[in-house]
Structures are given as structure tokens and as C-alpha cells.
Amino acid sequence: MNDLKAVIEGIIFVVGDDGITLKQLAGCLEKDEQEVQEKLDELMNEYKDDDNRGVEMVFYGGRYKLVSKAICHPYCQKLFAESGTRPFSQAALETLAIIAYKQPITRIEIEEIRGVGCDMMIRKLLARNLIREAGRLEVAGRPFTYEVTEEFMDTFKLASLDELPELPDYQNKEEERELFK
């Protein structure tokens, strides 16, 4: 396969927000994981070193994804503001609900509840001004915490978060995860 990098790039684009693992990608391509890893590393470096691209390839939570670069966020916010009220995807609603109920909350905590990666969804919600960075935890890595914004409150016509329905008490994360599926 002469165009292995191009095929890898296309697959990562198609899988979207969910991303893809090295094992899945190697299996799909019927290639050795080491060969695919080398091509992924080359692609990631090409994206990182090219300031003329608006997207970059990232590796989060064991998955490869294409995401927009931070320089694009103000323009995406403007685009989403101009497009008015667009319907929310199931993933967006799940992520928003988790943040609204559990704020301030980190990306990792959201992913633990949802059971899937949510980096791209957080970027989209930030771009739509429905959530904001609330600060950083004073732990290793200093992860950002997120909370909902006034725009969220306006969009869902809430005077306060107290208007959200009561959630049942959960004994463990598995029970809690089932609510958001």
C-alpha cells in the first residue's frame, strides 16, 4: 500500500470524535502495529509542524483523533453563534448533562462516566460557549475543570441549576454510567 499515511488519515477523519486505537487501525489495514505506529508518528509530526493546517492529530485516551487547533476556536464560536439553535447530538447532551450535574468536573471524570473519550465534544461545547474552563485541579498534570455557562442556562431556559431534575443516588460508577447511556 503506497498511500498508507493517506489511508490512515482518511480513516481517522471518518471515525470522528470517537477516534481509533492502534490495534483497531492495524487490524483494519491488515498491517503490523509497529508499521502503523511509525506512520501515525510521521503524521502527527507533520500536523504539529505545519502552521498552515487548522487541524492536528492527537492521541488521547489510547485513541488517535483529528481535532481543530486552538487558533480556530474563536471562529468556530462565531460560526456556532451565527448558526442559531442547532440540534444537539446525543453525545453533546450526555456531556452537557454530566457537566451540569457534576461541575466543576475534569475531562477524565466525564470520560469515566460516559465510558468514551470526550475531548472533541468538550472542544465543540467550548466553541459553542455552553461550557467554560472553571480552573485547574491541584493534582499531577493540573487538569482543567469545566462548568456550564450563562449561554447554557439561556439555551435550556434555566434560571438556576436547581431546576435540573433530581438524580437518584448511585452506589457505584457503573450504575451512574447507565443513566447517561
Mind listing which GluC sites (Glu not before Pro) in segment 12-58 are in a DSSP loop and have 10 or fewer other Cβ atoms within 10 Å? 30
Between helix 4-15 and the chain, what is the angle of the helix's C-alpha long axis to the longest principal axis, kept within 0 to 90° and rounded to the nearest 10? 20 degrees
Normalised by the empirical 2.2 N^0.38 Å for globular proteins, what value does the Cα Rg of the chain take? 1.15
Once you've got the Cα coordinates, tell me which of 48/78; 65/124; 31/69; 23/48; 69/102; 5/48 are over 20 Å apart. 48/78; 31/69; 23/48; 69/102
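Every read-out reported here was derived from the displayed coordinates using simple, explicitly stated rules and does not represent laboratory data. This structure is a prediction, so every number in the text was calculated from the model and none was measured. Quick reminder, even Gly has a Cβ in these numbers, built from the backbone with ideal geometry, and neighbours come from all protein chains shown.
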